[in-house]
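Peer 1: Take a look at this one; I'll ask things after.
The values are calculated or read from the model by the stated rules, or taken from the named source; none is laboratory data. As the structure is a computational prediction, the values presented were derived from the model and not from experiment. Here the Cβ positions follow ideal geometry from the backbone for every residue, glycine too, while neighbour counts run over all protein chains shown.
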Amino acid sequence: MDRAALAAVVLDLLERETGEQYQNLAESASLREDLNLDSLDMAGLVLHIESHFGIQIETELLESIDTVGRMLDVLEGKLAAKAGRRAA
């Protein structure tokens, strides 16, 4: 899955979690300041993402996710690792 498709899925999951509509989801957007996500929104979003992609995002890693771009970086890494395990 390319980054644009991944971003579209994250946008859909984000909108489902918050009930908000986001017109433009820039990679530099802060999850907390720009998108106004609180800790409950973040927890719900992460649960949706984990369920959708069949991955687990460790708590330590969550602390480093502060922007949309960082979330996409983490997801790309997790999905690549998952694909690598399947191929092995």
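Peer 1: Being surrounded by 14 or more Cβ atoms within 10 Å (Cβ to Cβ) and either modelled with pLDDT under 95 or in a loop (DSSP other than H, G, I, E, B) (or both) is the filter here; which residues of region 49-60 pass it?
Peer 2: I55, I57
Peer 1: Are any residues in region 61-88 assigned to a helix (DSSP H, G or I) and either touching a residue at least 40 places away in the same chain (Cβ under 8 Å) or under 20 Å from E17 (Cα atoms) (or both), and if so, which ones?
Peer 2: Passing the criteria: L62, V68, G69, R70, M71, L72, V74, L75, E76, L79.
Peer 1: Follow-up. Can you name the number of the only condition in (1) more than 27 Å from R85 (Cβ to Cβ); (2) out of contact with any Leu (no Cβ under 7 Å at 6 or more places or on another chain) that L31 fails?
Peer 2: Going through the list (1) more than 27 Å from R85 (Cβ to Cβ); (2) out of contact with any Leu (no Cβ under 7 Å at 6 or more places or on another chain), L31 breaks only (2).
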